[in-house]
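As structure tokens, the structure follows; a few thoughts come after it.
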Amino acid sequence: MDLRQIAKDTAKTLSSYLTYQAMRTVAAQLDETDPPRAHWLRQFANQVGVQDGEAFLRSLFRERQELAFRILTVREHIAEEIAEVLPEMLRSTIQQANIEQRRQQLERMTQVSVEANHPDGSIDPAPSRSESRPDSEHGD
């Protein structure tokens, strides 16, 4: 496991996601000030795609440099704002998700175990007192 490469890939994915969020933020701002440009930006993003944030920005610089610079600024601001809380939030989210996955799997395993013992899925009730006593205790 190459942790350095995993970190690089994660940073690239996060950067692309922040580019997407910055594009959405800029488009929302433009909805209020310049709706035709907001529409153009959304159409451009749909056509070009934002999965690779850097490729999206290169394409946007060729078409509308001012929007590309604006997205760069917003992306950097978002990154600065989340940088402090992200590591702990990531750890906490992963831990909680793992706990939930384990809990669900344990429930599935328990259910499968019960169903395997009882093909109809029912659980035998506890034997009644009279069934659990030996015949000699019945007073016969």
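Quick rundown of the values:
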quantity	calculated
Long-range neighbours under 9 Å by Cβ, at least six apart or interchain, first residue free of Cβ contacts under 8 Å to residues at least 40 places away in the same chain within segment 72-94, second surrounded by 13 or more Cβ atoms within 10 Å (Cβ to Cβ) and outside any helix (DSSP H, G or I)	none
Single residue of Arg4, Arg24, Arg62, Arg91 found to be surrounded by 13 or more Cβ atoms within 10 Å (Cβ to Cβ) and either at pLDDT below 95 or of a type outside the set (Asp, Glu) (or both)	Arg24
Options Leu106, Leu86; residue that is out of contact with any helix residue (DSSP H, G or I) (no Cβ under 8 Å at 6 or more places or on another chain), within 30 Å of Arg58 (Cα to Cα) and either of a type in the set (A, V, I, L, M, F, W, C) or not assigned by TED's automatic domain parsing to the domain that holds Val26 (or both)	Leu86
Which numbered condition Trp40 misses (of (1) closer than 18 Å to Thr25 by Cα; (2) surrounded by fewer than 15 Cβ atoms within 10 Å (Cβ to Cβ))	(2)
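The values are calculated or read from the model by the stated rules, or taken from the named source; none is laboratory data. Note that the structure is predicted; figures quoted are calculated from it, not measured. All Cβ positions, even for glycine, are placed from backbone atoms using ideal geometry, and neighbour counts span all protein chains on display.
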